[in-house]
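Worksheet: the structure to be examined is printed underneath.
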Amino acid sequence: MTQEILFVCNHNAGRSQMAEAYLNARYRDRYAAFSAGNYPSASMSEYTVRVMEEAGIPMTGHAPKSLAEFMDRQFDTIARLCDCSGTCPVLPSARRVIDHPISDPSRFVGDDGDIIEGFREVRDEVFAWVDETFGAAATGVAITWQRPDGPMPPVVLCSDTNRPLQEVIRDIRSLLEKRGIPCTITEENGPMQLSFNGVPFEKIVPLYVPKTCSMCGSCDGSEGECSGGRRYEGIPESVVRLAAMRAAGLK
């Protein structure tokens, strides 16, 4: 299933154009990217065209567009690359909005060499951020379920469905694979922890806070204060699914 992504910046002549072109070039099998500007320029920045062509991505056919052209669309994600979260015009409908301000290259001054070098730095920052934010779906999701073989029971039930956590994780793997996202599950002995691509799930979904440590009963186990680790009794299935979707770049 292809997700539609809209990148937004002030003039749609630099940052958002770079992000659109790179996402379509690198991850076109999973995403369809578009871009628009709050106050679009009359034409593309020649420096944007030059640094993108240096990276092997031609900008033929690209031109600044207004947000107004997309107001009747619904996007999976809108990413604002300008610092305008408080003043930005109304956005089209979207399942999620990301704010990730990147330096406005139109403000760069100096001679041609100085300006082109500044645009290269912005291009590289845009590429790295796009890979980090949207690339997970291309590389897959690794789920690690680590649980002690001592005092904690091997089966943890979800509070909202009363289903075993292991069963829920297997269902999540099937769901991701149906959407074309590779997913692996590893079960290990050790301090209690559920992670996605190496990140503890409560850091992906901060609304869930693990219960007190099962070993000492006083620390929360979230920063490794105690070897007892985390407790996940009562974890809602809906929260686990949300963490998995975010790890896959789908939420």
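Structure data summary
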item: Matching option when the condition is β-branched (Val, Ile, Thr) and open to solvent by 50 Å² or more (accessible area, probe 1.4 Å), among VAL51, VAL122, VAL130, VAL109; result: VAL109
item: Contacts under 6 angstrom Cβ, first residue in the stretch 87-113 being over 16 Å from GLY37 (Cα atoms), partner among the charged types (D, E, K, R), 6 or more apart; result: ARG95/ASP76
item: Flag for SER85 being at pLDDT 90 or above, part of a loop (DSSP other than H, G, I, E, B) and of a type outside the set (A, V, I, L, M); result: no
item: Filter result for the condition that a residue is of a type in the set (A, V, I, L, M), within 21 Å of ARG123 (Cβ to Cβ) and under 23 Å from the mean Cα position of the chain (by Cα), over ALA13, ALA21, ALA94, ALA63; result: ALA21
item: Members of the stretch 28-60 found to be among the basic types (Lys, Arg) and part of a loop (DSSP other than H, G, I, E, B), listed by number; result: ARG28, ARG30
item: Matching residues in the stretch 4-14 - criterion: being open to solvent by less than 10 Å² (accessible area, probe 1.4 Å) and outside any loop (DSSP other than H, G, I, E, B); result: ILE5, LEU6, PHE7, VAL8, CYS9
item: Matching residues, the stretch 15-25, being of a type in the set (S, T, N, Q) and either over 17 Å from GLU46 (Cα atoms) or open to solvent by 20 Å² or more (accessible area, probe 1.4 Å) (or both); result: ASN24
item: Test: ALA63 is among the hydrophobic types (A, V, I, L, M, F, W, C), open to solvent by 20 Å² or more (accessible area, probe 1.4 Å), modelled with pLDDT of 95 or more and outside any helix (DSSP H, G or I); result: yes
item: Identity of the residue in the stretch 11-36, of a type in the set (Gly, Ala, Ser) and out of contact with any Ser or Thr (no Cβ under 8 Å at 6 or more places or on another chain), that ends up modelled with the lowest pLDDT; result: ALA25
item: Matching residues, the stretch 157-192, being closer than 29 Å to GLN3 by Cβ, surrounded by 14 or more Cβ atoms within 10 Å (Cβ to Cβ) and in contact with a Pro (Cβ under 9 Å, 6 or more places away or on another chain); result: CYS158, GLN166, LEU176
item: Per-region count, the stretch 26-48, residues under 24 Å from ASP112 (Cβ atoms), of a type in the set (A, V, I, L, M, F, W, C) and open to solvent by 40 Å² or more (accessible area, probe 1.4 Å); result: 1
item: Any hit, the stretch 68-77, residues being in contact with a strand residue (DSSP E or B) (Cβ under 7 Å, 6 or more places away or on another chain), open to solvent by 20 Å² or more (accessible area, probe 1.4 Å), within 30 Å of LEU176 (Cβ to Cβ) and in a loop (DSSP other than H, G, I, E, B); result: no
item: The stretch 182-196 residues that are farther than 20 Å from CYS158 by Cβ, paired with ones that are open to solvent by less than 20 Å² (accessible area, probe 1.4 Å) (beta carbon under 6 Å, 6 or more apart); result: PRO182/GLY140; PRO191/GLY229
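The values are calculated or read from the model by the stated rules, or taken from the named source; none is laboratory data. Since we're looking at a predicted model, the values are computed, not measured. Virtual Cβ from ideal backbone geometry, glycine too; neighbours counted across all protein chains shown. To get the accessible areas, we keep the full protein, side chains included, count just its heavy atoms, and leave off ligands, DNA and RNA. Shrake-Rupley method; radii C 1.70, N 1.55, O 1.52, S 1.80 Å.
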